[in-house]
Number of protein chains: 2
Amino acid sequence: MSRAANRAYSVIRDRILSGELPAGAQLGEEALADLCGVSRTPVRDALRRLEGELLVKRSDSQRCFVADWSIDDVADAFELRAMLEGHAARRAADRMTEAALQRLRAANSAIREAISAEPADITGFLEHNRAFHGLILESAQSPRLAALLATLIEQPVVWRTAHHYGREALRRSHGEHEELLAAFARRDGAWAEAVMVAHIRRAFHAYADAHHGLGAIDGQGR
Amino acid sequence: MSRAANRAYSVIRDRILSGELPAGAQLGEEALADLCGVSRTPVRDALRRLEGELLVKRSDSQRCFVADWSIDDVADAFELRAMLEGHAARRAADRMTEAALQRLRAANSAIREAISAEPADITGFLEHNRAFHGLILESAQSPRLAALLATLIEQPVVWRTAHHYGREALRRSHGEHEELLAAFARRDGAWAEAVMVAHIRRAFHAYADAHHGLGAIDGQGR
DNA sequence: GCTGTTTATATTGTATACAAATTGAACTGG
DNA sequence: CCAGTTCAATTTGTATACAATATAAACAGC
């Protein structure tokens, strides 16, 4: 996608993720065009992409709004992500080359360094974490699986959450990655899948605890 | 989506599914616009939708082509579909209302009638089969799951295949639906999931047998 | 004869003007 | 005061013109 469309996509996405455009806010094409300094045409493209990623919802008659992610929606997305990434891990265990395994180890080392930095380098953590999961997905060799997961990993939620993680949680994440590496090294797909599912489901609960209190779910959405 | 965009979508989609636009054929926006009798703008929208459904592939630099589905691609898609619809069946078993169960029974009865017609009413079969699976997905109550499956169920492949099915295969499909209904009636999610996974994986092998011979896979794509 | 560059052509990206449709408010009749 | 209707304002859909870019062909130099 080219300049203007990408620009529109990035700007709108950032405004949604930062909360500047709150859940439920109407996304008029002309207003967004002004905001991004482009015409309506690329804005329309951007809205379609964002709609595919479920950050934008279309009303019955084609008006766009910022999607609101209730805790149930988030749970739903995490559950699917756990299933799909678990499946990816299983496939990857059977297909991973030695070179890919090396790169995976390097990625997790980079994660460890980001965590150990003072203060912890959250941006670096996110970046390398993304690379780690991306490499597994690559080794799974299923373009369709990758396409499906793409709509789930770019959640509004994940990004805002990581900054709330303590060093404790980050270390645990790193440790689970180490266990994944061990499973890959042994070519044990079932093990890899189980670890991955646990890894992601734990991430969900970390999110839920941080955003909705440790006790019951408050039910009022985000 | 409105008139012209829908029109473009339908026309292009039909041409792809019918094989009139063969795999690998370039999809120039202007040519398609002429073909559909609309301007390039709605064609672009249609191409985006079709790209999401993986019927259209974009080259490195934004040129569109008819996607080619190799047997590996089809296997990949069916595997994911089995997993996701299995998951949907499990969820549906816990959430299905009595009313939904009734509608599901009605849908399968309609399927039986379509099969029994002389000659077998393939179009009716497909329609009611679609409704059957749609109802389960609805009862699963996971919008995101529905969105993911939407990209997998509309395969070029499925439609062209059903016409090759014998009455035998259609009846088996109906029988598996009956077993699903039993699982739903008992609220046995694990049973429902297992039956659904088997149902879809069998469908894949029926496809593979019909299109690539019963023995080894020929590997030359469709 | 081959490689790298230039130029022409084809194709997609963007902006804008206008048409169609939807929403919401003002208004009329009861 | 409320229901239904009409009309204005807002918003999205479509067409078209033009700009930017990529592909492919012609060509020059080696």
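The values are calculated or read from the model by the stated rules, or taken from the named source; none is laboratory data. All figures in this text were calculated on a predicted structure; none of them were measured in a lab. Here the Cβ is made from the backbone with ideal geometry for all residues, glycine too, and neighbour counts use every protein chain on show. Note: areas computed on protein heavy atoms with side chains; ligands, DNA, RNA excluded. Shrake-Rupley method; radii C 1.70, N 1.55, O 1.52, S 1.80 Å.
Computed values, structure above
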item	result
Residue-level accessible surface for A:Val197, protein heavy atoms, 1.4 Å, Å²	40
Rounded to 10°, Cα long-axis angle of helix B:40-52 versus longest principal axis of chain B	40
Candidate residues A:Tyr207, B:Tyr165, A:Tyr9: accessible-area rank, largest first, probe 1.4 Å	B:Tyr165, A:Tyr9, A:Tyr207
Local electrostatic count, A:Arg7, Cβ distance below 14 Å [Lys/Arg +1, Asp/Glu -1]	+3
Dipole in debye (nearest 20) - the protein assembly as shown, about Cα centre, beta carbon charges: Lys, Arg +1; Asp, Glu -1	300
Per residue, in Å², the accessible surface of chain A once ligands and nucleic acids are set aside, probe 1.4 Å	47
Solvent-accessible area of A:Thr123 with every protein chain in place, 1.4 Å probe, in Å² to the nearest 10	90
Label spacing, shortest first and in nm, from A:Gly134 to its equivalents in the remaining copies (7 angstrom along Cα→Cβ)	3.8
Interface A:B - total buried accessible surface [probe 1.4 Å, Å², rounded to 100]	2300
For the stretch B:18-146: rounded, prolate or oblate by the Cα gyration tensor [a/c cutoff 1.5]	prolate
Convex hull of the protein assembly as shown built on C-alpha atoms - directionally averaged projected area, nm²	23.7
Carbon plus sulfur fraction of accessible area for the protein assembly as shown, probe 1.4 Å, in percent	50
Distances in nm from B:Ala185 to the matching label points in the other copies, shortest first (labels 7 Å along Cα to Cβ)	5.4
Positive-end extreme of charge dipole, the protein assembly as shown - chosen from B:Ile153, B:Leu50, B:Gly86 (charges on Cβ)	B:Leu50
Cα gyration tensor category, rounded, prolate or oblate, for the stretch A:71-212 with a/c compared to 1.5	oblate
Centroid-to-centroid separation of the stretch A:116-147 and the stretch B:23-64 [C-alpha atoms, Å]	32
Which of B:Asp76, B:Asp60, B:Asp14, A:Asp209 is most accessible, then next, and so on - probe 1.4 Å	B:Asp60, B:Asp14, A:Asp209, B:Asp76
Rounded tilt (10° steps) of B:143-153 against the dominant C-alpha axis of chain B	70
Local electrostatic count, B:Leu21, Cβ distance below 10 Å [Lys/Arg +1, Asp/Glu -1]	0
Inter-copy spacing of A:Pro22 label points, which lie 7 Å from Cα along Cα→Cβ, given in nm from shortest upward	5.8
Probe 1.4 Å - accessible area at B:Arg49, Å² to nearest ten	70
